[in-house]
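Visitor: I'd like to ask you about the structure that follows.
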Amino acid sequence: MSIRSILKRIAPSLGIALLLLSPARAQSIDRIELVWVEPSGRTVASEFLTLAEIVKLPATSLRQRTPWTQAESTFVGPLLRDIAARAGKKVATATFYALNDYYFSMPAEDWARHDVILAAMQDGRPMPVEDKGPYWVLYPLAQYPQFANQPFRSRMVWQISRIVFELLPN
């Protein structure tokens, strides 16, 4: 087999591997986009936060098992209520968008009443994309086991790259 035929066969896979390893791809995974929109859809505020900025925010720790992890772990990240409040506006819902285009919305009452976090660390390390990172919405399951069931289970989105906060009407 010639080198040319080998390269033709592996070029698509090589291209995908190079894309995944590229600095641009790593940069997009390292940061999360936060957007605040009016009920009409008009954006009133937005910002990007890197992992380094997220871990500098006041954090909450949840020691728990999840339906998707085998062992008990310690998850650390800022409270969602604190992130939602960054724009200084009253929020009705948040929609979380994952890297794979999955998304789900959560009513503000969930994070207003409970310590729901945007986990950025698991057992002292940043969460890799291959294992639910870089960011994962987690409810306090150890304190409230009912959150492991629907509808809360669907709201624990992982691999989050974007959060859109819909504001309450004026």
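The values are calculated or read from the model by the stated rules, or taken from the named source; none is laboratory data. This structure is a prediction, so every number in the text was calculated from the model and none was measured. Methodologically, a virtual Cβ is constructed for each residue, glycine included, from the backbone with ideal geometry; neighbour enumeration extends over all protein chains shown.
Visitor: Take the residues of the stretch 10-48 that are modelled with pLDDT of 50 or more and in a helix (DSSP H, G or I): which is surrounded by the most Cβ atoms within 10 Å (Cβ to Cβ)?
Guide: At the first step, the residues of the stretch 10-48 found to be modelled with pLDDT of 50 or more are 10, 28-48.
Next, only the ones that are in a helix (DSSP H, G or I) stay: 10, 28-30.
Details: ILE10: 11, SER28: 14, ILE29: 18, ASP30: 15.
Across the stretch 10-48, the extreme among qualifying residues is ILE29.
Visitor: Further, regarding this structure: Mind checking which residues of the stretch 49-72 are crowded, with 18+ Cβ neighbours inside 10 Å, of a type outside the set (A, V, I, L, M) and in a strand (DSSP E or B)?
Guide: Selection gives THR60, GLN64.
Visitor: Say we look at the stretch 140-170 and pick out the residues that are hydroxyl-bearing (Ser, Thr, Tyr) and at pLDDT below 95; which of these is nearest to ARG113 (Cα to Cα)? Spell out how you get there, then give the answer.
Guide: To start, the set of residues in the stretch 140-170 that are hydroxyl-bearing (Ser, Thr, Tyr) comprises 144, 154, 161.
If we keep only those that are at pLDDT below 95 too, we end up with 144, 154.
Details: TYR144: 12, SER154: 18 Å.
Among them, the one singled out is TYR144.
Visitor: From the list GLN143, GLN150, which residue is more than 20 Å from PHE104 (Cα to Cα) and over 12 Å from the mean Cα position of the chain (by Cα)? Break it down into steps so the answer makes sense when it comes.
Guide: Values: GLN150 fails: more than 20 Å from PHE104 (Cα to Cα).
GLN143 is the lone residue from the list that is more than 20 Å from PHE104 (Cα to Cα) and over 12 Å from the mean Cα position of the chain (by Cα).
Visitor: May I ask you to say which residue of PRO107, PRO140 is surrounded by fewer than 16 Cβ atoms within 10 Å (Cβ to Cβ) and out of contact with any Pro (no Cβ under 8 Å at 6 or more places or on another chain)?
Guide: Details: PRO140 fails: surrounded by fewer than 16 Cβ atoms within 10 Å (Cβ to Cβ).
Sole residue among the options that is surrounded by fewer than 16 Cβ atoms within 10 Å (Cβ to Cβ) and out of contact with any Pro (no Cβ under 8 Å at 6 or more places or on another chain): PRO107.
Visitor: Restricting the first residue to the stretch 92-104 and requiring it to be touching a residue at least 60 places away in the same chain (Cβ under 8 Å), which pairs with a second residue that is part of a loop (DSSP other than H, G, I, E, B) and surrounded by fewer than 18 Cβ atoms within 10 Å (Cβ to Cβ) meet a Cβ separation below 6 Å and a spacing of at least six or different chains?
Guide: ALA92/LEU168
Visitor: Taking the stretch 153-170 as the region of interest, how many residues are within 27 Å of GLY41 (Cβ to Cβ), not in a strand (DSSP E or B) and not β-branched (Val, Ile, Thr)?
Guide: Residues meeting the conditions: 7.
Visitor: A further question on this structure: I'd like the full set of residues that are of a type in the set (Ser, Thr, Tyr), in contact with a strand residue (DSSP E or B) (Cβ under 9 Å, 6 or more places away or on another chain) and without any contact (Cβ under 8 Å) to a residue 40 or more places away in the chain, limited to the stretch 128-155. Spell out how you get there, then give the answer.
Guide: The first filter runs over the stretch 128-155 and keeps only residues of a type in the set (Ser, Thr, Tyr), leaving 135, 139, 144, 154.
Pick out the ones that are also in contact with a strand residue (DSSP E or B) (Cβ under 9 Å, 6 or more places away or on another chain) and you get 135, 139, 154.
Listed by number, the list holds a single entry, TYR139.
Visitor: While we're on this one: Under the condition of being in contact with a Leu (Cβ under 7 Å, 6 or more places away or on another chain) and assigned to a loop (DSSP other than H, G, I, E, B), which residue from the stretch 73-92 is nearest to LEU141 (Cα to Cα)?
Guide: This residue is PRO78.
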